[in-house]
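Here is the structure we will look at.
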Amino acid sequence: MIKIVDLKKSFDGDMVLDGVNLTIPGEKITVILGRSGTGKTVLMKHIIGLLKPDSGSIFVDGKDIAAMDDDELDLIRSHFSMLFQGGALFDSINVFDNIAFPLREREKISAKDVEKVVTQRISEVGLTGMKRKMPAELSGGMIKRVGLARALITKPEVILFDEPTAGLDPITEDSITQLILQTHKKSPTTFIIISHDIDFTFEIADKIAILHKGKIIAEGTASEIKKTKDPFIRNYFSG
Amino acid sequence: MKRPLFTFGNWLIEITREFGKCMLLFMDALHYLFTRPFRVHNTLVQLEFIGIKSMNIIVFSGFFTGMVLALNGYHVFRMLNIESLVGGTVAIALVREMGPVLAAIMVIARAGSAIAAELGTMKITEQVDALVTMSINPVQYLVSPRIFAGFTMMPILATVFSITGLIGSYFIGVIVLGINEGSFMANIRDIVELEDFFDGLIKSFVFGLLFSLISCYYGFYASGGAEGVGKAVNKAVVVGCVTIIVSDYFLSALMI
C-alpha cells in the first residue's frame with residue numbers, strides 16, 4: 001500500500017501539488033484522473049522518487065520515501081517499474097536489448113535465461129518478430145508495448161503508467177487497454193495509472209482519484225465517482 | 001547605472017551557479033568512476049567513440065596544420081636565410097601548443113557536440129529518468145565513462161596530431177620546398193626537448209577532462225525539448241572551445 005500525505009510541490013513559485021492526500025491500495029488498479037497540466041506526472045514522479053517534495057510524505061509499506069537518500073530510494077525502486085508516456089526506450093539499442101536491460105542490470109541470470117524470458121515477454125505483448133528493430137522504427141503503439149514489456153520484465157510489485165493510451169488511435173488504444181487488463185489479471189500487482197481519458201479510466205480502474213488544482217478532489221470506485229454531484233467533476237465527465 | 005550593474009550581477013550569479021553545478025557533477029562522476037558496478041562496457045564504447053573514431057579527423061587536420069605552418073615559416077625564415085629553422089619551430093609549436101589545442105578543438109567539434117546531443121536527447125525523452133527508475137545511477141552509467149574516455153584519449157590524439165603535423169611539415173619543407181633534410185631534422189632535435197613533449201601531454205590531459213566534463217554537463221542538464229538540445233550542443237561547443245583556449249594560456253604561463 002502507498003499512502004500520500006499532504007504532499008506539496010511548487011516550481012518557480014507555481015504551486016503544482018497543493019496538499020495531495022491519497023491512499024493507493026495494493027494489487028489493485030488505481031487511476032489518477034485529471035486534465036492536462038494538473039500535475040499528474042509530477043505526482044507520479046514523486047511516487048517513484050524522481051522528484052523530492054517541498055513538504056509532505058509518501059509512505060511505501062510504511063516507509064517515508066520523501067525522507068530517503070538515493071541509496072535507500074534505489075532499494076525501494078527495485079520493487080517498482082514505470083511505463084513512460086513517450087516510452088523512454090533507449091534509442092541506441094534494439095527492442096530485445098531494451099526489454100532485457102533491467103533484467104541484465106538487476107538480476108543475476110544467464111544470457112540463455114535472459115533470451116528465454118525476453119522472448120516470452122515480446123510474444124505476450126504481441127511483438128514477435130520485432131526484437132531486432134530499433135525504437136526509431138516502431139510506431140507509437142509498438143513503443144508502448146515495448147515499454148510495457150520492459151516494465152514487466154523484472155516482475156515488480158508496483159507499476160506506474162504515465163498516460164499509457166495518450167496519442168494512440170482508438171484501435172491501438174483499445175489493444176493497450178486490454179493488454180494492461182490481461183497483464184493485471186495474470187499477476188495482480190499494484191498498478192498506478194495517470195490518465196485524462198475518462199472512458200479508459202472507467203474501463204480499467206478499481207479505484208479512481210481525481211486531481212484538480214493540486215489536490216485530490218474525489219476518490220472512490222468507478223460507480224462512486226459516477227454518482228458524485230461535484231459540479232467540476234460532472235462538467236469534466238460531460239466534456 | 002543600476003541596470004548594467006544589475007545585469008552584471010545576474011550574469012555573475014548565473015556563471016557561479018553553473019560552475020558550482022558543473023563541479024558537483026564532476027565530483028559525482030569521479031566518485032562513481034571508482035564505485036561498483038564498474039561500467040567497463042560503457043567505458044570501452046566511449047574510448048572507441050572519442051579516441052578511435054576521432055583518429056581520421058585528427059590525422060587529416062594535423063597533416064594540413066603541419067603543412068601550413070611549414071609553408072608560412074619557410075616564407076618568413078627565407079628572408080633571413082634561416083629556413084632550416086622551419087622544422088624546429090613547427091615542431092615546438094605543434095608539441096607545446098598547436099597539437100593539444102587544435103586536437104582538443106577538433107574533438108569538441110566531433111565528439112563533444114555528439115555527447116551533448118546524445119545526453120540532451122536522453123534527458124528530454126526521459127531515458128535518464130528511466131535509468132533512475134531501474135535503480136541505475138545515470139551519472140555513473142552515462143557521465144563517468146565519457147569523462148574517463150575524454151581524459152585518457154585526448155593525450156593520444158594530441159600526440160597523433162603533432163606527429164602527423166610534423167610529417168606534413170616535412171613533406172612541405174623538405175620534399176616540396178627543398179629545405180635540407182639533415183638541418184631540418186637536426187633543428188627539431190635541437191629545439192624540442194622532452195620537457196616540451198610532457199608539457200603538451202599535461203595540457204592534453206587537462207583539455208580532455210575539460211571538454212568531456214563541459215559536454216556532459218550541458219547534455220545532462222538540457223531542458224526544453226529539441227530547442228533545448230540545440231542550445232546544449234551549441235553551449236558545449238562554444239564554452240568548450242573558449243575554455244580550452246583560456247586554460248591553454250594559464251597552463252602555458254605556469255609551464256614557462
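No value in this document is a laboratory result; all are computed from the given coordinates. Since this is a predicted model, take the numbers as computed values, not measurements. Please note: Cβ atoms are built from the backbone with ideal geometry, for glycine as well, and neighbour counts cover all protein chains shown.
Rounded to the nearest 20 debye, the dipole magnitude of chain A is 480 debye, with +1 charges on Lys and Arg beta carbons, -1 on Asp and Glu beta carbons, and the Cα centre as origin.
Using R0 = 45 Å, the C-beta based FRET efficiency linking A:ALA218 and A:GLU107 works out to 0.65. Label sites at A:SER55 and A:LYS229, each approximated as a point 7 angstrom past Cα along Cα to Cβ, lie 3.3 nm apart. Assuming charge only on the beta carbon of Lys and Arg (+1) and of Asp and Glu (-1), the dipole of segment B:41-255 about its Cα centre is about 340 debye to the nearest 20.
With the convex hull of its Cα atoms as the shape, segment A:82-156 has an orientation-averaged projected area of 4.5 nm². The phi torsions of segment A:165-174, fed into the Karplus equation with coefficients 6.51, -1.76 and 1.60 and a -60° offset, translate into couplings of 10, 5, x, 9, 6, x, 5, 5, 4, 5 Hz, rounded to whole numbers, with Gly and Pro shown as x. For the protein assembly as shown, a simple Cβ point-charge model (Lys and Arg +1, Asp and Glu -1, everything else neutral) yields a dipole of about 780 debye relative to the Cα centre. Taking only Cα atoms and a 10 Å spring cutoff, compute GNM fluctuations for chain A and point out the largest among A:LEU83, A:LEU138, A:LEU160. Most flexible of the set in this elastic network: A:LEU138. Ignoring the sites themselves, chain B has its longest run without chymotrypsin sites (Phe, Trp or Tyr not before Pro) in a DSSP loop having at most 14 other Cβ atoms within 10 Å at B:39-256. Estimated from the Cβ-Cβ distance and a Förster radius of 35 angstrom, the FRET efficiency linking B:MET79 and B:ILE202 is about 0.50. For segment B:110-256, the Stokes-Einstein estimate of translational diffusion at 4 °C and a viscosity of 1.567 mPa s comes to 74 µm²/s, using the Kirkwood hydrodynamic radius over alpha-carbon pairs. Springs between Cα atoms under 10 Å define the GNM used for chain A, and in it the highest mean-square fluctuation of A:GLY39, A:GLY167, A:GLY19 occurs at A:GLY167.
A simple count of charges around A:ILE122, restricted to other residues whose Cβ falls under 13 Å of its Cβ and scoring Lys, Arg +1 and Asp, Glu -1, yields +4.
Name the most mobile residue of B:GLN140, B:GLN127, B:GLN46, meaning the one with the largest mean-square fluctuation, in a Gaussian network model of chain B with Cα contacts below 10 Å. Checking each option, the largest mean-square fluctuation is seen for B:GLN127. Counting every other Cβ atom within 10 Å of each residue's Cβ, A:MET130, B:MET55 order from fewest to most as B:MET55, A:MET130.
Alpha-carbon geometry of segment B:68-126: the Rg and the Dmax are 19.3, 64 Å, given in that order.
Here is how the number arises for chain B: DSSP H runs of 4 or more residues each give -39500 (n - 2.57), the sum is divided by the residue count, and the result at 222 nm is -26000 deg cm²/dmol.
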